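Down below is the structure, laid out as structure tokens.
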Amino acid sequence: MKIGFDKLTAVLIFMVLASQAQAGAVDTLQQQYTAAGAGPFSAAAGEQRWKETHLDAKSGKQRSCQTCHTKDLTKSGKHARTGKVIDPMAPSANTERFTQVRDIKKWFKRNCKWVLGRECTAQEKGDFLEYLKGQ
Amino acid sequence: MTTTTQQTTETRPVLVWDLPTRSFHWLLVTTFAIAWLTHEDNRYLDVHTFAGYTFLGLLLFRLVWGVIGSHYARFQQFSYSFAEVIAYLKGLFGQDMRRYIGHNPAGAWAIFALIGFGLVLAVSGLFVLGGEERHGLLAGIVSFDQSVIFRETHEITAYALLGLAGFHLLGVISESLLHRENLVGAMFRGSKQADIESPAVRPHRLVAAAILSLFAAYVVATFGGYLTATQDKPYLPFKGPQLAKSQVWQDACGECHLAFHPSLLPARSWEMMLKQQDNHFGEDLFLEKGTIIELLAYAKAYSADHKQTEVAWRMNRSIPITKTPLRITKVDYWVKKHHEINDAVWKRDSIKSRTNCAACHQDAKQGTFEDAGMRIPGDNSFDAITWLRSILDKPSTQQQGVQR
């Protein structure tokens, strides 16, 4: 019984920490963006940007966030080039989303460049997070 | 050596080839054929080595049986001198055509040659398995580079044995025609027409039963794994070495594609790839400096230059020292190994990309790429295992069929 209780406590503590981390990572980043002069953030603006398509000059193909993440954020996506399965973007379907500041930063860098051909502005990143965190 | 007879004397059927000798003969033929048919396609290495081990076991048994076996199976009974072979062959074209109940002198020499070459073939095969594949009784005894000579020996003796088997068959056919007796049939039935003085042998059923049960047990032990395998837990006949893993590597590479094991490219390739991380096949990775250093250390420690596996050795060997390839799929060895796979196969939904190694190679994640560990998804070629399973899964319908 004692072991069971300890395990339960550990799981509970972990869950609390995990949920805090999620709120924490998004909040931390949005605060940083605000400090850089951006804000307030709008989910609607984030959604619009998310669905926008951009022509990639090199490949001649249209690209958008949905190219890999698909139209349903609660479903798995697929890497456009390698076919590797991408876990769902929506935190409701994937609790690990938006929990690590480092990961969010890295993916913004990589994927903004892939879709838009440039890095995203602080305003755009804040809007994206505002849109995605509610999914 | 005294068991010759003239065709005019009175004859009776006599058991000449005991059951162990006959079992040995036909199993040897079968395993040689199986090994021959499976030598080219790496996918069937497990079948090939199964045939090879059985072949070796049979020959070792024959060496023992040649000493303690029944009359006509003993080496002493058919150890003729070269002069006797010549005399026998000359006799075939003259009046003095002698009929031997056991092996004739020319046939006897063929048997000794077949056993000798067979042993060289099997033992050299063991060395190839141990050297190239790092498996079997002699695993790791010789280096990858040294194993090349054993592979050549193995190939040459295989052809020599095929040639010898051809001579043996030619002899059997001509002898059958000359004496108007079916020698192939005799190797099945065991009996021949012989005169009163020729001794008959006992069938030695127990020894034959032991050979056949051992063979059956070996079949089950080798291939039983295929029957219990599932889609998620495929059966891997060969397990490669445990290669060093790195969580950093797994995370950094594995988030966009299979985390290709560093043993697939030389260190200089990984170095250049990580140096060009802002243009990684057209994409900017934005990896942190600390991560790059960790990745590089891991890649260098386990790169193809270290020849940890057969695939590492072969990939490295096929890359000229002056070249620094970045794409695994552009390395000569890779191209050579995949040239038979056509575009339609690559485009299958289950494969999609040439970089999707794990679609076919069941141990791609581990980086070992064992020979018998690949199955092309969606191939509708005959699959013996699926077929066998479908029979085993439906015993009731099968039985009904038999009853009617």
(message) A:ALA57 - would you say it is of a type in the set (Gly, Ala, Ser) and surrounded by 15 or more Cβ atoms within 10 Å (Cβ to Cβ)?
(response) no
(message) The conditions are (1) in contact (Cβ under 8 Å) with a residue 24 or more places away in the chain; (2) in a loop (DSSP other than H, G, I, E, B); (3) hydroxyl-bearing (Ser, Thr, Tyr), and A:TYR131 fails exactly one of them. Which is it?
(response) (2)
(message) Anything in the stretch B:136-151 that is surrounded by 14 or more Cβ atoms within 10 Å (Cβ to Cβ), over 13 Å from B:GLN308 (Cα atoms) and not aliphatic (A, V, I, L, M)? List them, or say none.
(response) B:GLY136, B:SER147, B:PHE150, B:ARG151
(message) Given the criteria loosely packed, with under 13 Cβ neighbours inside 10 Å, outside any helix (DSSP H, G or I), away from chain A (no Cβ under 14 Å) and aliphatic (A, V, I, L, M), does B:ILE321 qualify?
(response) yes
(message) So, in the stretch B:28-70, how many residues would count as being surrounded by fewer than 19 Cβ atoms within 10 Å (Cβ to Cβ), more than 16 Å from B:LEU126 (Cβ to Cβ) and at pLDDT 95 or above?
(response) 9
(request) Could you please find all residues in the stretch B:274-309 being in a helix (DSSP H, G or I), more than 14 Å from every other protein chain (Cβ to nearest Cβ) and surrounded by fewer than 21 Cβ atoms within 10 Å (Cβ to Cβ)? (result) B:LEU274, B:LYS275, B:ILE293, B:GLU294, B:LEU296, B:ALA297, B:TYR298, B:LYS300, B:ALA301, B:ASP305, B:HIS306
(request) Identify the residue in the stretch A:77-93 that is at pLDDT 90 or above and part of a loop (DSSP other than H, G, I, E, B) and, among all such residues, is farthest from the other protein chains (Cβ to nearest Cβ). (result) A:SER92
(message) On the basis of being at pLDDT below 95 and under 13 Å from B:TRP249 (Cα atoms), does B:GLY290 make the cut?
(response) yes
(message) For the stretch A:38-76: of the residues being charged (D, E, K, R) and more than 13 Å from every other protein chain (Cβ to nearest Cβ), which is nearest to A:GLU119 (Cα to Cα)?
(response) A:ARG49
(request) Within the stretch B:333-354, work out how many residues are away from chain A (no Cβ under 14 Å) and among the hydroxyl-bearing types (Ser, Thr, Tyr). (result) 1
(request) Quick one: which residue in A:ARG49, A:ARG63, A:ARG97 is surrounded by 13 or more Cβ atoms within 10 Å (Cβ to Cβ), modelled with pLDDT of 90 or more and more than 17 Å from the chain's Cα centre (by Cα)? (result) A:ARG63
(message) Looking at the stretch B:355-373 only, could you name the residues that are surrounded by fewer than 17 Cβ atoms within 10 Å (Cβ to Cβ) and either within 11 Å of another protein chain (Cβ to nearest Cβ) or in a helix (DSSP H, G or I) (or both)?
(response) B:ALA358
(message) Is it the case, given these coordinates, that B:ARG314 is within 28 Å of B:PRO234 (Cα to Cα) and either within 14 Å of chain A (Cβ to nearest Cβ) or touching a strand residue (DSSP E or B) at 6+ places or on another chain (Cβ under 8 Å) (or both)?
(response) no
(message) I want to confirm something. Restricting to the stretch B:71-86 and keeping residues that are in a helix (DSSP H, G or I) and of a type in the set (Gly, Ala, Ser), which single residue is surrounded by the most Cβ atoms within 10 Å (Cβ to Cβ)?
(response) B:ALA73
(request) State whether the residues of the stretch A:102-121 include one that is more than 14 Å from chain B (Cβ to nearest Cβ) and among the aliphatic types (A, V, I, L, M). (result) no
(message) Just checking, does the stretch B:218-239 include any residue being without any contact (Cβ under 8 Å) to a residue 12 or more places away in the chain and either among the aromatic types (Phe, Trp, Tyr) or farther than 30 Å from B:ARG375 by Cα (or both)?
(response) yes
(request) Please indicate, with yes or no, whether at least one residue in the stretch B:236-255 is away from chain A (no Cβ under 14 Å), hydrophobic (A, V, I, L, M, F, W, C), surrounded by 18 or more Cβ atoms within 10 Å (Cβ to Cβ) and part of a helix (DSSP H, G or I). (result) yes
(request) Considering only residues that are under 20 Å from B:ASN356 (Cβ atoms) and of a type in the set (A, V, I, L, M, F, W, C), look in the stretch B:256-273 and name the one that is surrounded by the most Cβ atoms within 10 Å (Cβ to Cβ). (result) B:LEU265
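The values are calculated or read from the model by the stated rules, or taken from the named source; none is laboratory data. None of the values given here were measured: they were computed from a predicted structure. Don't worry about glycine lacking a Cβ; one is built from the backbone with ideal geometry, like all the others, and counts go over all protein chains shown.
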